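Input: a single structure, listed below in structure tokens.
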Amino acid sequence: MDEKEITCIVCPIGCKILVRRNGTLCELVEGNKCKRGAEYARSEALDPRRMLTSSISVIGGKWPLVSVKTTKPIPKDNIFTVLDVIQKAKVKAPVQCGQILLKNVADTGVDVIATKTVGST
Amino acid sequence: MINHDVDIAIIGGGPAGLAAAYSARNQGAKNVIVVDRNDWLGGILPQCIHDGFGVEETGHSMTGPEYAEMYIDRVNKMGISCMTGTMVLEFTKNYNIIAINKQGLHKISTKAIILAMGCREKTRWHVMIPGDRPSGIFTAGVAQAFINLYNIMPGKNVVVLGSGDVGLIMARRLKFEGAHVLGVVEILPFASGLPRNVVQCLDDYDIPLYLNYTITCIKGRNRLESVTIAQVDDTLHIIEGTEQEIPCDTLLLSLGLIPENELSKTVGIELDERTGGPIVDQHFETTIRGVFACGNCLQVYDTVDVLSLGAKHAGQHAASYALNQFDQVRHSIPVKTLNGIRYIVPQRISRSGVIQFTFRVERPSQSAVFHLKANGKDIFQKKLPWVNPANMVEIKVELSDSLLKSVDHLEASLDG
Amino acid sequence: MRNFHVAIIGGGVIGSAIAWKLSHYKINVVVFEKGCDVASETSKANSGVIHSGINSSPQSLKAQYCVEGNKMFQSLSDQLGFPLKWVGKYVIAKNEEELKELERLQQIGIQNGVSELQIVDASDMKEPNVTCQSALWVPTAGIVLPYDLTIVLAENAAINNVKFSLETKVKGIKKFDNQFVIETNKGKYQSNILVNAAGIHCKEIVAMVENPDFQVYPCRGEYLVLDKNHSHLVTSMIYPIPVKELGVLGVHITPTIEGNILLGPSAEFIDDSNDRKTTKNMMKTLLTEAQEIIPSLSATGIINAYSGNRCKLASSTEGGWADYRIEESKQTPGMINLLGIESPGLTAAPAIAEKIARMISQKIELERKEKILIKKKRKRFTDLSPKEQSTLIKQDPRWGRIICRCEYITEAEVVEALSNPLGAQTLSSVKYRCRAGMGRCQGGFCTQHIIRIMEKEFNKDITDIRLNSSTSSLFYGRTREINHDQP
């Protein structure tokens, strides 16, 4: 059982919400001004996830890098593992925006796709 | 001189210029040209590889490049000419545009002009940081371009000055790319970026946020070696004895943006010194007939969604003007700002209808009420439960013909 | 080649002026400059003023070389093409007492051979933004860009076979018979004559050979630079009368060739000659004092601040004034020392160069070359007519790409700057040659494009790209390593 203070990001107010966890349950959520905040605080406490954006090296392209993103938020704890894979990857031009570059990256079940179109030189 | 004859010329091919172009074509303008000084379209968006763009507009959170490509595709499909690598040099007496690129000098005659030049970043000298003048000092946007576009890492041990969104995003980006981000320094008692970014860029990575702090000295004869930070009191004066030296090799400056209006000044377009951009009416028309302004050169927006909305209106009205669909008579009344309002756009009202105002407040407040008054009487009121200068407020107000005929100015103010 | 007739230590304005003068003769000359470019210290960080001579003590070498040099500047500018404007100077007086000072200055000027001096009433000054009672009008005062002048002198010397060795620090000097053996970080060189034009480091050079009989007291001057949109504030230089009060700078207001305005310099004796900080106190004082003279001046106009150090031979307690020492060392014949060359050093440079040439001619034969090449500074692209611009773009499309948005500098001009005859290739060497990066956005737009050009057209590795000095690298490395053996 532990307690955590979460800053809500759903709206600009940024309520500080106290969450008490017991295993996979949220026993207490207080400090929120609305329901959306409570929902956010719960998911943040139990399964914090983040969208990841970065860039992958391009070979033979008009730009040396293509910007990429994960197709879905990944567990916060996996961020640096996924970044490591992204940083070691290379892709050949041309790259289309939306093209899947890394499937099921670091076993997260999430893909990494290009967010930019990079033509060949 | 290569001559062009168009209906609408748009200076700047970033999100504002592209949205305006798209909207102008939709409104029926036939010959629309977009001119941009970079070799690419999208302005600053291609280097903004983080997400959060287009949430309001599309329901999806896109990255900057994706948002840019969405508009570039639309612009291409509509047959809008785009001249990249092209810099507008000046306007002629008749408001023809002289531009230059590798093909030569161009003269663009046009019926309407849309200014969409965006903005530039404040430099070290806007806040006069004393000390040495070493390498390793970058404005956040320039560092972002180096990392994301050109595959160049500016440094390894980084301090960020300014907690606006660009600074926060860059703190995280540098961390992701293996730099040690030693802290974000902010002179105000609160971060000026979105709470979401404070959480997802700083808290998530244990990057310290020094609130009520500023940089008092830069050290480094050749490359940056350290910065000295010190606490400030509530009048923003340094508190003696609170100095701390932070060894580092890179300083990112995220001090704020300045609307880019050097071109506007050359033709005598009246600027609002509070926004840094042109004074416009609700059609986004400046004080010069046929010249419209939108995007960050008009006012610095918080989100691209609100920016694009405004740019689309500007494009629509510019097209109407070019197609002679405007009323000839143009009398407008000013909107004056009183206590609590830092600035409001549009600054002038020239016709009745629904006006989309955007404004910023002077101070944070948790229970403010916005008033629009005519002849001292409230014609519109709205409770704003939570406002601060870092968040632009949008408000729709309907103004009738009879009202506008009976007053010579309106007043915007904030209570509480 | 490692044997020279003359070795000049220091690539500042003095060393470069001497190099330019000596390049007219059939002798081998080398200039050692420890920085990455010429004008890397004091020569780029001053007001750029061509003084008239009213500020120099009569009978002094300062006065003599100033007045002589002043007379040489117009033809030098005509010949080499660097911009020079005779904007004139008003020394202003706030009251009757200060008016007496103006009269005294006028007399000094007349004694020094300065012509056309005139005391005028404030109402006769063509300076509507300046507050004062009366002023001394000095029409023979002018302005140049000091870094530009130095670069033009040096590059013209270089194309006439003077060797410029940049990033070359002199570490030791030995004399054998009639030869100097000079040890540098780039190896040994030999020369018959040594010219010590090392500026604020002149004592370190003397100490390599003998016991210096003087002391150097570095005196820092800070400046503020105003945006060009303030250029309407003054037309001529505005100087208050020289002050005697403690804590008051007597700030000068100097327009520049490019349309900026300089406020400064301050004068602060410091210990470390390499300390070129700008300080909070001085920046504030410069602005406050300038606002007393020009009340409409606002802080929002400041786009840059810098500082430079003067080589003073007298300490603050001694009054801070000493004359130039330009002499052959008695102990070490063949070594010509230039000591204490502070203001009016820029003005004096061409005259000093003539003097050094005369001194050298006593020792070695100076036979004039038949032909001298001139790399005349050409007009900036943005100042050409549309027809001229179109022609250039047709010849080379790089004239059509604007790299510096604030100053309208083209890619061709940046490439030209990077192709200079001295081989200087830092970001600052681009800035000082073609002005890219000196506008109000201070490199916000152009820097990334200049870097790209350095990488692509000049094959520079990004870790080799420096701001100004050899260890002022801009970047750490690559975000993603580029593997060159990938297809």
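Points to keep in mind about this one:
- Selection among B:Asn157, B:Pro189, B:Gln356 by position relative to the dipole of chain B gives B:Gln356 as farthest towards the positive end (Cβ unit charges, Cα centre).
- Bridging of C:Lys277 to aspartates and glutamates at a Cα separation below 17 Å is possible for B:Asp132, B:Glu225, B:Glu245, C:Glu41, C:Glu222, C:Glu268, once same-chain residues fewer than 8 apart are set aside.
- In summary, the lysines within cross-link reach of C:Lys379, defined as a Cα separation below 17 angstrom excluding same-chain residues under 8 places away, comprise C:Lys85, C:Lys387, C:Lys431.
- Amide N proximity, the stretch B:27-50 versus A:Gln96 label position 7 Å along Cα-to-Cβ, cut-off under 13 Å: none
- Rounded to the nearest 20 debye, the dipole size of chain B about its Cα centre is 1040 debye, using +1 on the Cβ of Lys and Arg and -1 on the Cβ of Asp and Glu.
- Distance cut-off 37 Å, percentage of C-alpha pairs in the protein assembly as shown lying past it: 56
- Sites B:Asn3 and C:Arg452, calculated FRET efficiency, Cβ-Cβ separation with R0 25 Å, nearest 0.05: 0.20
- Legend: mean number of C-beta atoms from other chains within 10 angstrom of residue C-beta atoms, peptide B:55-63, equals 1.
- Cross-link table C:Lys34/C:Lys456; C:Lys169/C:Lys312; B:Lys122/C:Lys163, entries beyond 31 Å C-alpha to C-alpha: B:Lys122/C:Lys163
- For B:Tyr95, neighbours were defined as the other residues whose beta-carbon sits under 12 Å from its Cβ, and their charges (Lys and Arg +1, Asp and Glu -1) total +3.
- Cut-off 10 Å between beta-carbons: net charge of the residues surrounding C:Tyr25, Lys and Arg +1, Asp and Glu -1: +2
- Here the simple spin-label model places points 7 Å from the Cα toward Cβ, and for B:Leu211 and C:Asn281 these points are separated by 3.4 nm.
- Chain A: angle of helix A:35-46 to the longest principal axis, Cα-based, in degrees nearest 10: 70
- Placed amide H near A:Ile13: partners under 5 Å, 5+ positions off or other chain: none
- For chain C, the list of Cys residues with no other Cys C-beta under 4.7 Å reads C:Cys36, C:Cys66, C:Cys132, C:Cys202, C:Cys219, C:Cys311, C:Cys406, C:Cys434, C:Cys441.
- Chain C - Rg and Dmax from Cα coordinates, angstrom: 22.9, 81
- Cβ-derived FRET efficiency at R0 45 Å, C:Gln59 paired with B:Thr266, nearest 0.05: 0.30
- In terms of other Cβ atoms within 10 Å, C:Glu370, C:Glu98, C:Glu411, A:Glu27 run from fewest to most in the order C:Glu370, A:Glu27, C:Glu98, C:Glu411.
- FRET efficiency, 1/(1 + (r/R0)^6) with R0 41 Å, evaluated for C:Asp396 and C:Asn161 via beta carbons: 0.90
- Degrees between helix A:79-88 axis and first principal axis of chain A (Cα, 0 to 90, nearest 10): 0
- Under the span-like rule (Cα at least 15 Å along the axis, Kyte-Doolittle mean at least -0.5), DSSP H helices of chain B: B:15-27, B:165-176, B:304-322
- Ratio Rg/Rh, restricted to the stretch B:331-416 and using Cα atoms, in which Rh is the Kirkwood radius: 0.95
- Of the trypsin sites (Lys or Arg not before Pro) found in the stretch B:1-92, the ones in coil according to DSSP and having at most 13 other Cβ atoms within 10 Å of their Cβ are B:Lys30.
- Qualifying trypsin sites (Lys or Arg not before Pro) in the stretch C:294-363, DSSP loop, other Cβ atoms within 10 Å at most 13: C:Lys330
- Selection from B:Thr110, B:Thr63, B:Thr84, by position along the positive dipole direction of the stretch B:47-122 (Cβ): B:Thr110
- Dipole magnitude (debye, nearest 20) for the stretch C:131-221, charges at Cβ of Lys, Arg, Asp, Glu: 240
- Label zone of C:Asp177 (point 7 Å out along Cα→Cβ, amide N under 18 Å): in the stretch C:316-349 this covers C:333-335.
- Gyration tensor (alpha-carbon) shape descriptor, chain B, a/c threshold 1.5: oblate
- At full extension, A:Lys88 and A:Ser43 could sit 13.1 nm farther apart than now, given 0.36 nm per residue minus the alpha carbon distance.
- Here the spin labels are modelled as points 7 Å beyond Cα on the Cα-Cβ line, and at C:Val120 and A:Asp111 they lie 7.7 nm apart.
- Of the trypsin sites (Lys or Arg not before Pro) found in the stretch B:271-352, the ones in coil according to DSSP and having at most 13 other Cβ atoms within 10 Å of their Cβ are B:Arg289, B:Arg330.
- Rounded to the nearest 20 debye, the dipole magnitude of the protein assembly as shown is 2460 debye, with +1 charges on Lys and Arg beta carbons, -1 on Asp and Glu beta carbons, and the Cα centre as origin.
Where a number appears in this text, it was derived from the coordinates with a stated rule and is not lab data. None of these values were measured; they are calculated from a predicted model. When we count neighbours, we look across all protein chains shown, and the Cβ atoms used for this are built from the backbone with ideal geometry, even at glycine.
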